[in-house]
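Student: Below: one structure in structure tokens.
The values are calculated or read from the model by the stated rules, or taken from the named source; none is laboratory data. All of these numbers come straight from a predicted model, not from anything done at the bench. Don't worry about glycine lacking a Cβ; one is built from the backbone with ideal geometry, like all the others, and counts go over all protein chains shown.
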Amino acid sequence: MTDPMDSDFYRIRRLPPYVFAEVNAMKAAARARGEDIIDLGMGNPDGAPPRHVVDKLCEVASKPNAHGYSASKGIPGLRKAQAAYYQRRFGVSVDPETEVIVTLGSKEGLANLAEAITAPGDVVLAPNPSYPIHTFGFIIAGAAIRSIPAAPGEDFFRRLEMAMRYTVPRPKVLVVGYPSNPTAYVADLPFYERLVAFARDNDLIVISDLAYAEIYFGDEPTPSILEVDGAKDVAVEFTSMSKTYSMAGWRIGFAVGNARLIAALARVKSYLDYGAFTPVQAAAVAALNGPQDIVEQNRALYRKRRDVLVESFGRAGWQIPVPQASMFAWAPIPERFRSLGSMAFAKTLLTEAHVAVAPGVGFGEEGEGFVRIALVENEQRLRQAARGVKKLLSA
């Protein structure tokens, strides 16, 4: 008689081992040995939210009636605050009742929307390389993934056209995310206009991940796909409080856009959760509706760190393309180490330079040959990392 626990479960079989876990285990072991590791691996903001946001959390949490179940789709005040953000930032009007939902970070929202709209065997188009939930949210839901380029250029649309023409069954969902994690690619409004037109012509649902909306370094603010006329007919967009307000651990994000997709996500979520803790949602309202100084401060912080990283690593002998947005640099492996591959190079960097980065292959096979460097340490630590890199490259 065979033990049913001897074989892997169906959905687990569809998930490869989490690539980053191996580097994280090495990092933990090095720290346990007393080594000083500069951790540029995870996009985990090192700052804190504004004082008035934390004060609001404490104020509401001190009320005796604040500790019951909350609302799965988000408290009305928070949905209204997100609608107000879209109006002032993008000039987009959305109905807080039917076109906005609060999620437990954008990652949860993406995964549960995938569950809501995917049938086993559906084909989903997703960029490669990209943030893992863009593909694995749908893989867990039973879909097959067809890769398209991460860069928003002519090749993107050429490959998109081919995917629609030659894939059976015909793809029904396209995922995009700009500014991109991990590549830091950015898209402009004409790109979204062309994408919305394509989606309408091909009955394609578009899911846009705009988690890095406010971390841009040029003069032009990052656009939203919803700025395009008719975008709400085909698209839903995810945003997050994590990076903009340094609230990553609070797990507050949003989906905004197509009412049918929002309703589908709300239906699934109603079975799975009761929403974030109400005081956290009230504090998120204070963040969105209150003074926005931290948004510019964080933008300036990441811009300065980007400049220090590119300059100091460049002097150390590692030329890194200058990211135009996001809190990441997408760095080609130095020529001498390219044959190692991104995983072995990340391990070498950790062991020899005491610098942790994310191997590019963890974001898809097209990420091979690169590592992702997160701007989550201060300038002094970035320069210290550059000294470790210089030692490695000149050894």
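Student: Could you check how many residues of the stretch 167-217 are buried (at least 20 other Cβ atoms within 10 Å of the Cβ) and among the polar types (S, T, N, Q)?
Tutor: The qualifying residues number 4.
This table checks each residue for (1) out of contact with any Leu (no Cβ under 8 Å at 6 or more places or on another chain); (2) within 19 Å of Lys243 (Cα to Cα); (3) in contact (Cβ under 8 Å) with a residue 60 or more places away in the chain.
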| residue | (1), (2), (3) |
| --- | --- |
| Ile148 | no, no, no |
| Glu161 | yes, no, no |
| Met164 | no, no, no |
| Thr167 | yes, no, no |
| Val173 | no, no, no |
| Val176 | no, yes, no |
| Asp203 | yes, no, no |
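Student: Give me the residue from the stretch 40-63 that is surrounded by 20 or more Cβ atoms within 10 Å (Cβ to Cβ) and touching an Asp or Glu at 6+ places or on another chain (Cβ under 8 Å) and, out of that set, farthest from Pro291 (Cα to Cα).
Tutor: Top of the filtered list is Leu40.
Student: While we're looking at this one, here's another question. Restricting to the stretch 348-367, name every residue that is surrounded by 17 or more Cβ atoms within 10 Å (Cβ to Cβ) and of a type in the set (D, E, K, R).
Tutor: Scanning the stretch 348-367 gives a single hit, Glu366.
Student: Would you pick out the residues in the stretch 319-337 that are assigned to a helix (DSSP H, G or I) and touching a residue at least 40 places away in the same chain (Cβ under 8 Å)?
Tutor: Arg336, the sole residue that qualifies.
Student: Look through Glu237, Glu193 and report the one residue that is under 15 Å from Val92 (Cα atoms) and touching a Gly at 6+ places or on another chain (Cβ under 8 Å).
Tutor: Selected residue: Glu237, the only one of Glu237, Glu193 that is under 15 Å from Val92 (Cα atoms) and touching a Gly at 6+ places or on another chain (Cβ under 8 Å).
Student: All but one of (1) hydroxyl-bearing (Ser, Thr, Tyr); (2) under 30 Å from Phe370 (Cβ atoms); (3) at pLDDT 95 or above hold for Thr98; which doesn't?
Tutor: In the conditions (1) hydroxyl-bearing (Ser, Thr, Tyr); (2) under 30 Å from Phe370 (Cβ atoms); (3) at pLDDT 95 or above, Thr98 misses (2) alone.
Student: Considering Lys243, Lys269, which residue is of a type in the set (Lys, Arg) and part of a loop (DSSP other than H, G, I, E, B)?
Tutor: Among Lys243, Lys269, only Lys243 is of a type in the set (Lys, Arg) and part of a loop (DSSP other than H, G, I, E, B).
Student: Here is a further query. Taking the stated definitions as given, is Val100 touching a Lys or Arg at 6+ places or on another chain (Cβ under 6 Å) and hydrophobic (A, V, I, L, M, F, W, C)?
Tutor: Criteria met by Val100.
Student: Right, another one. It is to be established whether one or more residues within the stretch 378-389 are surrounded by fewer than 21 Cβ atoms within 10 Å (Cβ to Cβ), closer than 30 Å to Arg89 by Cβ and either more than 23 Å from the chain's Cα centre (by Cα) or not assigned by TED's automatic domain parsing to the domain that holds Ile75 (or both).
Tutor: Yes.
Student: Residue under question is Ala199, and the condition is that it be part of a helix (DSSP H, G or I), small (Gly, Ala, Ser) and within 21 Å of Ala231 (Cβ to Cβ); does it hold?
Tutor: Yes: the conditions hold for Ala199.
Student: Would you pick out the residues in the stretch 380-395 that are under 13 Å from Arg306 (Cα atoms) and without any contact (Cβ under 8 Å) to a residue 40 or more places away in the chain?
Tutor: Gln380
Student: For Tyr302, are the conditions met, namely being aromatic (Phe, Trp, Tyr) and surrounded by 21 or more Cβ atoms within 10 Å (Cβ to Cβ)?
Tutor: So Tyr302 fits the description; yes.
Student: Across the stretch 13-30, which residue is modelled with the lowest pLDDT among those that are surrounded by fewer than 14 Cβ atoms within 10 Å (Cβ to Cβ) and closer than 29 Å to Ile373 by Cβ?
Tutor: Pro17
Student: Considering each of Ile133, Ile145 in turn, give the residue that is more than 18 Å from Asn258 (Cβ to Cβ) and either assigned to a strand (DSSP E or B) or outside the structural domain of Ser70 (by TED's automatic domain parsing) (or both).
Tutor: That would be Ile145, the only listed residue that is more than 18 Å from Asn258 (Cβ to Cβ) and either assigned to a strand (DSSP E or B) or outside the structural domain of Ser70 (by TED's automatic domain parsing) (or both).
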